[in-house]
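> For reference, the structure I am asking about is given below.
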Ligand code: CTP
């Protein structure tokens, strides 16, 4: 894929070198377009060596190649990291006063901007208005992370981690460079991901093998398709995507509260989390010790509420689409699909994504395969491939369901 990496003049420009590295290592052809100010932070030699291409901030270099038009036109994806307050202002007002601004005016591909600046600048009404204008035009502007800034100050304004910027950018296009359709634009979605943990004592818990990869892929692809996304994150083994609101939870009770609260204004709720069905009847507030005589006290469990069934029976927002997952293994009484159909009817969710687990499938793996059933157990889709591809297939089914 042909990618333009724009770098504006902020201290986070040094992190853009890592963004560049990640993109080239993934096999993409990257042209770096720094602003003049960016070169004050990281010099031309770094960008040229890492990208393998000449670099200039000026429109009057290589005039015979008409770079200010060609770069934008030929790009499959434009990533600006960091995007400073000044760059956002220039992009929002359509300026063409350097090669990066001109490239943004000629690009017809998806554009992702990752702002980084001091909190006051990010919160200034001028910047807020510029971000709103850019988003309204279809530019994907990430919210910056909160944390330590250049000086002793901290607050919202940090560039998200390079890996998160790259993930968010690459999610905007298919593997062959085709832009994803923003068919979830204007929708609010809540995705639960990961696996809940039920504490036995301060050091032990009952948990499960869910890494959260499929839920994170659902959040990332929903964002790329235009949705506002909240991720209710239960003990993820993977990084949540940049640009989604993350609500961390540990136990099933916490997950239930968070999902119900976040779902109040959601159009779609996807329960991808592996929710612990049982919890210890009484957790211990001190570490449970071994007994001298080798006896082990039996562990008494009680059943947790079924969060998905609760959403179906009593939706936080009437009319919202509720999607469940069913991790199944076949057994003597039926195969994976048999159990899936039975669960679809029992749970009554609008859609149920059934996947086979065990024997190396499902948990912690890169790929997945799901059969999507409706509430009556009818098959509406079958998708397999990477977890992003499966997520896209599931969103396609949601879009059909919404009649969009
Ligand atoms: N789920 C839930 N609350 C629970 C258990 C599961 O909301 N206490 C949700 C999961 O997030 C998933 C769906 O229900 O979307 C199915 O999860 P699964 O573990 O396959 O189903 P169970 O109802 O637990 O059925 P069983 O364990 O009997 O197969």
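Bear in mind these aren't lab numbers, they're just calculated from the coordinates by the rules spelled out. Note that the structure is predicted; figures quoted are calculated from it, not measured. Every residue, glycine among them, receives a Cβ derived from its backbone with ideal geometry; neighbour counts consider all protein chains shown.
> When you have a sec, figure out the Kirkwood radius of region 233-300 from all distinct Cα pair distances and drop it here in Å to one decimal? Display every interim value, and only then the final one.
Numbers: mean 1/r = 0.0654 Å⁻¹.
Hydrodynamic radius (Kirkwood, Cα pairs) of region 233-300 is 15.3 Å.
> R0 = 22 Å: FRET efficiency of residue 365 with residue 174, Cβ-based, nearest 0.05? Present the calculation step by step, with values, prior to reporting the outcome.
Numbers: r = 21 Å, r/R0 = 0.96.
E(calc), rounded to 0.05, equals 0.55.
> Extent of the chain along each principal axis, from alpha carbon coordinates, in Å, largest to smallest?
Largest to smallest, the principal-axis extents are 79, 52, 40 Å.
> Relative to the longest principal axis of the C-alpha atoms of the chain, give the angle of the C-alpha long axis of helix 125-136, reported between 0 and 90° and rounded to the nearest 10°.
70
> Here's something else I'd like to know. When DSSP beta bridges are limited to those with both residues in region 261-393, what percentage is antiparallel, rounded to the nearest 5? Walk me through the intermediate numbers first.
Values: 16 of 26 bridges.
Percentage antiparallel, nearest 5: 60.
> Sticking with this structure for a sec: Please give the helix 336-347 orientation as an angle from the longest Cα principal axis of the chain, in degrees from 0 to 90, rounded to the nearest 10.
Here the helix axis deviates by roughly 90 degrees.
> Looking only at 89, 282, 164, which one moves most when the chain is put into a Gaussian network model with springs between Cα atoms under 10 Å?
In this elastic network of the chain, the residue with the biggest mean-square fluctuation among 89, 282, 164 is 282.
> Looking only at 171, 45, 242, which one moves most when the chain is put into a Gaussian network model with springs between Cα atoms under 10 Å?
Per the Cα network of the chain with a 10 Å cutoff, 45 tops the list.
> Oh, and also: Using 5 Å bins from zero, what percent of all Cα-Cα pairs in region 167-319 falls into each bin?
Pairs per bin, as whole percents: 2, 9, 17, 18, 16, 12, 9, 6, 4, 3, 2, 1, 0, 0.
> At R0 = 45 Å, how high is the FRET efficiency between residue 257 and residue 24 if r is their beta carbon distance? Nearest 0.05 is fine.
Numbers: r = 44 Å, r/R0 = 0.97.
Efficiency at R0 = 45 Å is approximately 0.55.
> What fraction of the DSSP beta bridges in the chain is antiparallel, stated in percent and rounded to the nearest 5? Intermediate values should be presented prior to the final figure.
Values: 23 of 66 bridges.
Just about 35 percent of them are antiparallel.
> Further question on the same structure: Dividing the convex hull volume of the Cα atoms of region 1-50 by its residue count, what figure in Å³ per residue is obtained?
Values: hull volume 2.7 nm³, N = 50.
It is 55 Å³ per residue.
> For region 136-184 and region 1-37, compute the distance between their C-alpha centroids and round to whole Å.
Taking the Cα centre of region 1-37 as reference, the centre of region 136-184 is 13 Å away.
> For labels at residue 239 and residue 163 in the simple 7 Å Cα→Cβ model, what's the distance in nm?
Between residue 239 and residue 163, the label points sit 0.5 nm apart.
> Here's something else I'd like to know. Can you show me the helix-derived [θ] at 222 nm for the chain, built from DSSP H runs with n ≥ 4 at -39,500 (n - 2.57) apiece and divided by the number of residues, rounded to the nearest 500.
On the way: 14 runs with 135 residues, N = 404.
Helix-only estimate at 222 nm: -9500 deg cm²/dmol.
> For region 122-213, what is Rg from Cα atoms divided by 2.2 N^0.38 Å, rounded to two decimals? Intermediate results must be reported in sequence, preceding the final value.
Values: Rg = 18.5 Å, N = 92, 2.2 N^0.38 = 12.3 Å.
Cα-based Rg divided by the globular estimate yields 1.51.
> Output the 0 to 90 degree angle, nearest 10, between the alpha-carbon long axis of helix 13-25 and the longest principal axis computed from the alpha carbons of the chain.
70
> Then there is this: Looking only at region 78-97, which residues have a backbone nitrogen under 16 Å from a spot 7 Å from the Cα of residue 60 in the C-beta direction?
96-97
> Once you've got the GNM for the chain with C-alpha springs shorter than 10 Å, pick whichever of 42, 380, 354 has the biggest mean-square fluctuation.
Per the Cα network of the chain with a 10 Å cutoff, 380 tops the list.
> If the convex hull of the alpha-carbon atoms of region 171-256 is projected onto planes in all directions, what is the mean projected area in square nanometres?
Details: hull surface 24.6 nm².
That works out to 6.1 nm².
> What whole-number distance in Å separates the alpha-carbon centres of region 338-404 and region 306-323?
17
> Same structure, new question: Compute the normalised compactness of region 40-198: alpha-carbon radius of gyration over 2.2 N^0.38 Å, N being the residue count. Display every interim value, and only then the final one.
Numbers: Rg = 17.3 Å, N = 159, 2.2 N^0.38 = 15.1 Å.
Normalised by 2.2 N^0.38 Å, the Cα Rg of region 40-198 equals 1.14.
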